Amino acid sequence: MFGSIGGPELILIFVVALLIFGPRRLSEIGRTLGKALGEFRRATYDLRNTLDSEVARVESAEKRERLQQEQAEAPGSAPIAIGVLPPDGAANAGQAGSSGRHDAAQAPAPDSAERRDPTVGDAEERRDIG
């Protein structure tokens with residue numbers, strides 16, 4: 001019915017608004033609309049960031065819970081500490097493996113009967129061995 005508004009239609013709308021409100025009032029209205037639009041964009045951006053961070057937090061918690069459930073179901077395996085720094089974490093902060101993770105504690109070397117911990121990367125195993 002209405003379609004898109006082109007250049008001539010916008011000029012006509014601007015001229016009618018200029019005649020109705022006058023040049024002084026029209027500039028104030030434009031300034032107010034510009035500020036309102038900018039604030040709306042900022043609020044939209046903040047809302048989107050908040051929602052994204054909450055979704056990421058919930059997904060992280062679900063993943064952590066799923067890993068703990070899998071660890072609890074696996075017989076004879078040690079529990080995995082997720083997201084916990086060692087007591088001297090500040091001193092060892094620069095000594096993390098290539099993945100950038102920090103282990104909660106140094107676990108003893110697994111016996112041949114125990115399963116290998118899938119969360120430990122190859123670089124960390126080399127560091128523990130040598």
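The values are calculated or read from the model by the stated rules, or taken from the named source; none is laboratory data. Given the structure is predicted, the values throughout are model-derived calculations rather than measurements. FYI the Cβ positions are ideal-geometry reconstructions off the backbone, even for glycines, and counts take in every protein chain you see.
Residue pairs whose Cβ atoms lie under 7 Å apart, separated by 6 or more positions or on different chains, with the first residue in segment 26-50 and at negative phi and the second of a type in the set (A, V, I, L, M, F, W, C) and part of a helix (DSSP H, G or I), are 26/17; 26/18; 29/21.
Just one residue in the set 27, 77, 60 is surrounded by 10 or more Cβ atoms within 10 Å (Cβ to Cβ), under 33 Å from the mean Cα position of the chain (by Cα) and at pLDDT below 90; that residue is 77.
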